[in-house]
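Trainee: Have a look at the structure that comes next, please.
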Amino acid sequence: MEIRVGVYVCHCGTNIAGVVDVEEVARYAATLPGVVVARNIMYTCSDQGQGVIREDIKKYNLNRVVIAACSPKMHESTFRKTLESAGLNPYLLEVANIREQVSWVHFREKEKATEKAKALVRAAVAKARLLEPLEKKIVPVERSVLVIGGGIAGIQAALDLADAGLKVYLVEKSPSLGGHMAQLNKTFPTIDCAACILTPKMVDVAKHPNITLLTYSEVVRVEGYVGNFEVTVLRRARYVNEKLCAGCGACADACPRKVPNEFDVGLSKRKAIYVPFPQAVPLKYTVDPVNCLYMKYGRCKLCVEACPRGAIDFNQKDEEVKIRVGAIIVAVGFKTFDARRVPQLGYGKYKNVITGLELERLSSASGPTGGAILTSSGKKPESVAFIQCVGSRDLKYNGWCCKIGCMATLKQAFLIKEESPETEVYVCYIDMRTAGKGYEEFYRRLRDMGVRFIHGVPSEILEDVDGKLRFKVFDQTVGRLLELRVDMVVLQTGLEPTEDFEKLRKMLNVSLNSEGFFMEAHPKLQPVEASTRGVFFAGCCHSPKDIAETVAQASAAAAKALALLSKGVVEVEPLVASVNPEICSGCEVCVGVCPYKAIRLAEHEGRKRAKVVDALCQGCGACVAACPSNALELKGFTEKQILAQIKALISEVGT
């Protein structure tokens, strides 16, 4: 068959054409072997640009297309659909990246940039001439979704999916749903009661017929591929029969052991048999085996005697539950920065230096003081200073913005001023970031209420003999060094990835960014999708965000999962590795290097040979590079195609 190539050089507005002479590149492309038409188009990805390609495919009977434009990561799928709509196999497309690899990096060298663009187009045409049609595979899917994490992100995603008719397994590590939001008093900027918003949703999850709730559980193993994941969940023993427990609390009343309450950030005590908070879902008691006197020393059992329903069961064992799902949504939240890492701020040393989360618990009606904000001596503070960006926007600790600190401080300052208008409130900040619906108006309201904002970073905090906290801060706004003496200092701490992220990264074959948060497939076009198909992200495990943004992202992840599974089948990309069993020696090198566990040994004519599971293969090519027998090949990137590309790069036309 005669090879007939169409080449389309994109201006990308001035992104490319501002540096590269696109008309010259198109003229040059027209001289390359096999090219029957070459054009430059202002926006090739536009409907008009795609229309030109479709018309040319029919008019010139094209059987290969080369697009010289931006990264294939951006628009390769768009152009494949263009080819498909014109009746051409979508894999007879090659993209030359002359934006990221040329105009963006050589913007001061226009002539050289144009020459490089011509070379990349020449290489793309050489490869395109050797492309073969490929066909996608269709695999059936499980119409069910695993949601990992029971905070507001996981709750929202689970409810959206369940309401749409999908089966949902919601796995939460702690004994109750709720996450960090359950610890909050009010939400900004509307000052809604956090519990009033959250707890009805928690109840909805527990009652929803399409949701199986697995609390006090952890995902320990994930195998399989998009549409067909096999997940192992470890259900830790509560030592309480959940069916019998009525949540009456008689067991906790009888328990003699008291330990710091994690939910109140250590500001109160809980018993060794407990529920995390009164509105917990499920409202089932859990024995803390580390602190239970019977489990540690073999004595006590007062809870057993107290329970009227005989629900306490010390013979319970951890158990593994296996489930099959078609997609996975990761919504595992975050942890707050440990302010002890900044010793000059005195956290952990001075009792009246507290964190923003501790202030949330103090101000909450269900908190340790019944909603009263009190100093360590039990008095209402007459003056409070907030210090922003503790452990965030600081290259010594975390360079990123926590995104919620400014608004959390404004909310907490509002609660203090609302309760005691006479209390002096200072906010020491680097920048006030109040981007959000109603946020700036709320900021203005706080200034009108008399909160004093100081544009500066405080020095070391010291404690005077009378218990007052003292520090200096240079206010950049007025150009003066101020010295403050206050009753309480609140450190607004940043958000960080948790230790669980790395374990999940390995289990799910996904990526973390340089900051340790989960990384999306594309920041603009696939903001909730992982690079591994069938895996999605929601909430602060992806990046710090407030509740409104978290809920929006959770719904987006649910919509993506629903779209994936709604057809009952998924298409698997054909750009995967393949094995020539006649050459393969069965050495298993490829099995070891494959990061996606996509290669297994299988019987072939009485011998063990490598076999690629197409649905698992992500086309990274690691196995091809590692194979000592040259038995593996990556479809769409064969050795012959790559060598033709290299040869074209280092040669001139016709040589």
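Trainee: How large is the convex hull of the C-alpha atoms of the range 231-271 per residue, in Å³?
Mentor: Cα-based convex hull of the range 231-271, divided per residue, equals 120 Å³.
Trainee: Please work out the C-alpha center-to-center distance from the range 427-486 to the range 227-263 and express it in whole Å.
Mentor: Distance between centres, Cα-based: 43 Å.
Trainee: Towards the positive end of the charge dipole of the chain, with charges on Cβ (+1 Lys, Arg; -1 Asp, Glu), say which of Val125, Asn315, Leu484 has the farthest Cα.
Mentor: Sorting the options by dipole projection puts first Asn315.
Trainee: Would you please give the FRET efficiency between Glu419 and Leu462, computed as 1/(1 + (r/R0)^6) with r the Cβ-Cβ distance and R0 = 41 Å, to the nearest 0.05?
Mentor: E between Glu419 and Leu462, to the nearest 0.05, is 0.90.
Trainee: Would you work out which of Pro140, Gly333, Gly298 lies farthest towards the positive end of the dipole of the chain, given +1 charges on the beta-carbon of Lys and Arg and -1 on that of Asp and Glu, about the Cα centre?
Mentor: Selected residue: Gly298.
Trainee: Determine the share of the range 212-311's accessible area contributed by carbon and sulfur atoms, expressed in whole percent, with a 1.4 angstrom probe.
Mentor: Carbon and sulfur atoms account for 51 percent of the accessible area of the range 212-311.
Trainee: Of the listed peptides 156-163, 393-400, 194-201, 294-301, what is their order by residue-averaged count of other C-beta atoms within 10 Å, with the highest listed first?
Mentor: Descending packing order for the listed peptides: 156-163, 194-201, 393-400, 294-301.
Trainee: Still on this model: Could you tally the net charge around Phe471, taking each other residue with its Cβ under 9 Å from the Cβ of Phe471, Lys/Arg +1 and Asp/Glu -1?
Mentor: That works out to +1.
Trainee: Accessible area, 1.4 Å probe, largest first: how do His522, His106 sort? Don't skip to the end; give the middle numbers.
Mentor: Working: His522 20, His106 45 Å².
The residues order as His106, His522, largest area first.
Trainee: Report relative contact order for the chain in percent, whole number only (criteria: Cα-Cα under 8 Å, sequence separation at least 6).
Mentor: Over the chain, the number comes to 13 percent.
Trainee: Structure shown: which of Lys173/Lys503; Lys167/Lys335; Lys284/Lys335; Lys112/Lys640 lie over 21 Å apart, alpha-carbon to alpha-carbon?
Mentor: Checking Cα-Cα distances, Lys167/Lys335; Lys284/Lys335; Lys112/Lys640 exceed 21 Å.
Trainee: Here's something else I'd like to know. What size of dipole, in debye to the nearest 20, comes out for the range 469-576 about its Cα centre when the only charges are +1 on Lys and Arg C-beta atoms and -1 on Asp and Glu C-beta atoms?
Mentor: 80
Trainee: Turning to a different aspect of this structure: Rounded to the nearest 500 deg cm²/dmol, what is the calculated helix-only ellipticity per residue at 222 nm for the chain, with -39500 (n - 2.57) per DSSP H run of length n ≥ 4?
Mentor: -8000 deg cm²/dmol
Trainee: Between beta-carbons, use under 15 Å as the cut-off and find the net charge around Glu2, counting Lys and Arg +1, Asp and Glu -1.
Mentor: Around Glu2, the surrounding residues sum to +3.
Trainee: Let me ask you something else. With contacts defined as alpha carbon pairs under 8 Å and 6 or more residues apart, what's the relative contact order of the range 246-317 in percent? Before the final figure, lay out each step's value.
Mentor: Numbers: 88 pairs, mean separation 22.1, N = 72.
Over the range 246-317, the number comes to 31 percent.
Trainee: Based on the mean of other Cβ atoms within 10 Å per residue, sort peptides 493-506, 549-562, 50-63 so the most packed one is first.
Mentor: By packing density, highest mean first, the sequence is 549-562, 493-506, 50-63.
Trainee: Could you work out how far apart the two model spin labels at Lys207 and Arg108 are, taking each label as a point 7 Å from the Cα in the direction of the beta carbon, and quote it in nm?
Mentor: 6.7
Trainee: Moving on. With an 8 Å Cα cut-off and a minimum separation of 6 or more residues, compute the relative contact order for the range 431-540 in percent.
Mentor: On the way: 114 pairs, mean separation 12.9, N = 110.
Relative contact order comes out at 12 percent.
Trainee: Among DSSP beta bridges lying fully in the chain, give the percent that are antiparallel, nearest 5. Walk me through the numbers on the way to the answer.
Mentor: Values: 51 of 101 bridges.
Taking every DSSP beta bridge within the chain, about 50 percent pair in antiparallel fashion.
Trainee: Among Phe518, Val569, Thr31, whose Cα lies farthest out toward the positive end of the dipole of the chain, if unit charges sit on the beta carbon of Lys, Arg (+1) and Asp, Glu (-1)?
Mentor: Val569
Trainee: I've got another one for you. Using a simple spin-label model with points 7 Å from Cα along the Cα→Cβ vector, what separation in nm is obtained for Arg309 and Asp47?
Mentor: The two pseudo-label positions are separated by 6.0 nm.
Trainee: Shifting gears a bit: Report the extension gain between Lys597 and Ala559 in nm, rounded to one decimal, defined as 0.36 nm multiplied by the number of residues separating them, less their alpha carbon distance.
Mentor: Separation in residues times 0.36 nm, less the Cα-Cα distance, equals 10.9 nm.
Trainee: Right, something else. Using the Cα atoms as the points, what is the convex hull volume per residue of the range 332-409 in Å³? It would help to have the intermediate numbers written out before the result.
Mentor: Working: hull volume 9.2 nm³, N = 78.
Dividing the Cα hull volume of the range 332-409 by its residues yields 118 Å³.
Trainee: While we're looking at this one, here's another question. Could you please state, rounded to a whole Å, how far the C-alpha centre of the range 539-571 is from the C-alpha centre of the range 1-62?
Mentor: 36
Trainee: Quick check on the chain: what are the equivalent-ellipsoid semi-axes from the Cα gyration tensor, as sqrt(5λ), descending, whole Å?
Mentor: 55, 35, 21
Trainee: Identify the residues of the range 422-439 with backbone N under 19 Å of a label point that sits 7 angstrom from the Cα of Lys380 along the Cα-to-Cβ direction, or state none.
Mentor: It comes to 422-426, nothing else.
Trainee: Given a Förster radius of 25 Å and the C-beta distance between Arg54 and Leu525 as r, what FRET efficiency does 1/(1 + (r/R0)^6) yield to the nearest 0.05? Walk me through the numbers before you get to the answer.
Mentor: Details: r = 22 Å, r/R0 = 0.88.
With R0 = 25 Å, the Cβ-Cβ based efficiency is 0.70.
Trainee: Assign unit charges at the C-beta atoms only (+1 for Lys and Arg, -1 for Asp and Glu), then state the dipole size of the range 392-510 relative to its Cα centre in Debye, rounded to the nearest 20.
Mentor: Using only the charged Cβ atoms, the result is roughly 520 debye.
Trainee: Once you charge only the Cβ atoms, +1 for Lys and Arg and -1 for Asp and Glu, what is the size of the charge dipole of the range 242-292 about its Cα centre, to the nearest 20 debye?
Mentor: The calculation lands at about 100 debye.
Trainee: While we're on this one: Using only the heavy atoms of the protein chains and a 1.4 Å probe, how would Met74, Met1, Met42, Met202 rank by accessible area, largest first?
Mentor: Most to least solvent-accessible, the answer reads Met1, Met42, Met74, Met202.
Trainee: Restricting to the range 382-476, what percent of DSSP beta bridges are antiparallel, rounded to 5? Walk me through the intermediate numbers first.
Mentor: On the way: 3 of 12 bridges.
Approximately 25 percent, going by the DSSP bridge assignments.
The values are calculated or read from the model by the stated rules, or taken from the named source; none is laboratory data. On a predicted model such as this, the values are computed, not experimentally measured, just so you know. Note: ideal-geometry Cβ built from the backbone for every residue, glycine included; neighbour counts use all protein chains shown. Note: accessible area is taken over every heavy atom of the protein model, side chains too, but ligands, DNA and RNA are not part of it. Shrake-Rupley method; radii C 1.70, N 1.55, O 1.52, S 1.80 Å.
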